[in-house]
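Inspection log for the structure reproduced underneath, given as structure tokens.
The values are calculated or read from the model by the stated rules, or taken from the named source; none is laboratory data. None of the values given here were measured: they were computed from a predicted structure. Positions of Cβ are backbone-derived with ideal geometry, glycine not excepted, and every protein chain shown enters the neighbour counts. Side chains included, ligands, DNA and RNA excluded: accessible areas come from the protein's heavy atoms. Shrake-Rupley method; radii C 1.70, N 1.55, O 1.52, S 1.80 Å.
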Amino acid sequence: MQNVPPPPAVQSYSASTGPAFATPFASQHFWLTFLLSLLSQSISTMVVFSTSALGFGRMGENRELKFALEKFWRNDIAATDLLAVAHQVEESAWSMQVDAGIDRITVGDYCLYDNVATWAESLGIIPKRFASLEPGTERMFSMCRGIDGAEALSMKKWITSNYHYMVPEVDESLRGELSSNFSSYLSDVKRGISSLGEKAVPVVMGPVSMIYFCAFKFTGAIDIQRLALLEKLLPIYRELLGDIAALGATEIQIHEPALVFADSSLASLFKRAYEGPASILPAAGPDINMVSFFEDIGESNYKWLISVRGIKIISLDFTRGDNMSLIKENGGFPTDKVLGAGLIDGRNIWKVNP
């Protein structure tokens, strides 16, 4: 942090680095990534540290959730038993982070198989071959694992990591409105806030990244198809962020990993989603923490992010790429925002002892 230009008044630096959303099992789900927030009024004043996670291992210290999933798929336990184990593992993870002194802890980011597929299920991005199934966890499992007469979604490499995610599909079944349902997610967020209070930070997969990760099965220009899907997602996200705020959250992490891609066609989607009258950002309420990881975000995305009024915290990966140069070459970080400076490599977290 010594290379960061000193702030003229109070300036906050926070740190973040990238999680792995997708791989189904065990140690590959370790999201133990910290935000380091350096609050300094001048060089001579005492520096106060606060910490925040972008996620945590999902399988349990002894792989409890892995074994519960296998029992569920063998029909040895009911869905309620599976969820009970998942909640126990998640709440144990919260306790470990509290005991370790972590100040801000993610909630609503837990999933049973794949985070992208879980968000696709909640948003209603369901391909035709699965559309007749009962909505919910079992349909999500069906999309991830396949069933008789309906092959599973394909897998694709997650950003620049060796993890993978399930690729949502957009086909003719989505020509109408999306049938979204976030009741389970909001229940998880409520449970987290009830347990952790102001430490709880809900995680939302951003709409532009969700669109970027989709495979479009229509013929025609991909840019037009992406914009059409975004228009369907915007009111869903506006309502969702409002519902999260109503639960008492003081901060929301919006994960937009697509910010690290050098794809100029995404710029208009980001502006549509986060600026102007169609913006999903609430006019007031929780602080918005825009999170990216595994690479720097490039100059154009950086300049755009620091200009968006509704975004309070910008979390960047400082272990890969060169986000530090972006800050230096653009006059330092703005004093009206918090910088999330990722200090732990999300692809090698097991090598770090913070």
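What single numbered condition from (1) open to solvent by 20 Å² or more (accessible area, probe 1.4 Å); (2) of a type outside the set (Phe, Trp, Tyr); (3) modelled with pLDDT of 95 or more fails to hold for HIS164?
(3)
Which residue is farthest from ASP223 (Cα to Cα), if the candidates are limited to region 143-193 and must be among the basic types (Lys, Arg) and either in contact with a Leu (Cβ under 8 Å, 6 or more places away or on another chain) or in a helix (DSSP H, G or I) (or both)? Spell out how you get there, then give the answer.
Of the residues in region 143-193, the ones among the basic types (Lys, Arg) are 145, 156-157, 175, 190-191.
Filter again for either in contact with a Leu (Cβ under 8 Å, 6 or more places away or on another chain) or in a helix (DSSP H, G or I) (or both), leaving 145, 190-191.
Numbers: ARG145: 29, LYS190: 36, ARG191: 38 Å.
This residue is ARG191.
For region 240-291, which residues satisfy the criterion of being in contact (Cβ under 8 Å) with a residue 60 or more places away in the chain, closer than 21 Å to VAL116 by Cα, open to solvent by 10 Å² or more (accessible area, probe 1.4 Å) and in a loop (DSSP other than H, G, I, E, B)?
Within region 240-291, none qualify.
Taking into account only those residues within region 194-210 that are assigned to a helix (DSSP H, G or I) and either among the basic types (Lys, Arg) or in contact with a helix residue (DSSP H, G or I) (Cβ under 9 Å, 6 or more places away or on another chain) (or both), which is surrounded by the fewest Cβ atoms within 10 Å (Cβ to Cβ)?
Filtering first and then ranking leaves SER195.
Consider only pairs whose beta carbons are under 9 Å apart and that are at least six residues apart or on different chains; among these, list those whose first residue lies in region 156-177 and is touching a residue at least 40 places away in the same chain (Cβ under 8 Å) and whose second residue is open to solvent by less than 10 Å² (accessible area, probe 1.4 Å) and among the charged types (D, E, K, R).
Sorted first by the residue in region 156-177, then by its partner, the pairs are HIS164/ASP114; TYR165/ASP114; MET166/ASP114.
Just the residues that are under 16 Å from LYS312 (Cα atoms) and of a type outside the set (A, V, I, L, M, F, W, C), please, taken from region 272-283.
Across region 272-283, the qualifying residues are TYR274, GLU275, SER279, PRO282.
Considering SER173, SER132, SER142, SER154, which residue is over 19 Å from the mean Cα position of the chain (by Cα), of a type in the set (S, T, N, Q) and open to solvent by less than 40 Å² (accessible area, probe 1.4 Å)?
The conditions single out SER142.
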